Amino acid sequence: REKLHRSFEIALRKRPVDEDRVERAVSGIVRQLESMGEAEIPSSVIGEMVMEGLANLDPVAYVRFASVYRNFREARDFEEFISDLADTAHFKD
């Protein structure tokens, strides 16, 4: 739980997101993980859950986290990711 919360805090640094919303997102992920009933869960599964949670909270935080999680190396990586976002329902007006 602490690591999840820290991941959200880092991605959301200086972003206008209410702490209650962050706590609800973290709690939701914890509940999902507990409901899996597994002793060990791959970090990739947790990372995708964090990305989904951030996508619902703040687009800038989502891109920040994705850039580290998916190991963006060049500006082109950002361009492709943002282009894919434009094609999804995540950030449509």
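Looking at Arg21, is it closer than 22 Å to Asp84 by Cβ and either assigned to a helix (DSSP H, G or I) or in contact (Cβ under 8 Å) with a residue 24 or more places away in the chain (or both)? In short, no. Filtered by the rule that a residue be open to solvent by 70 Å² or more (accessible area, probe 1.4 Å) and either within 18 Å of the chain's Cα centre (by Cα) or of a type in the set (Gly, Ala, Ser) (or both), the stretch 33-74 gives Ser35, Ala39, Pro42, Ser43, Glu48, Glu52, Asn56, Arg64, Val68, Tyr69, Arg70, Asn71. Would you mind stating whether Leu4 is under 11 Å from the mean Cα position of the chain (by Cα) and open to solvent by less than 40 Å² (accessible area, probe 1.4 Å)? Against the criterion (under 11 Å from the mean Cα position of the chain (by Cα) and open to solvent by less than 40 Å² (accessible area, probe 1.4 Å)), Leu4 qualifies.
The values are calculated or read from the model by the stated rules, or taken from the named source; none is laboratory data. Remember, predicted model here, so these are calculated numbers, not experimental data. In this analysis, Cβ positions are derived from the backbone assuming ideal geometry, glycine residues included, and neighbour counts consider all displayed protein chains. Surface areas here come from the heavy atoms of the whole protein model, side chains and all, with no ligands, DNA or RNA. Shrake-Rupley method; radii C 1.70, N 1.55, O 1.52, S 1.80 Å.
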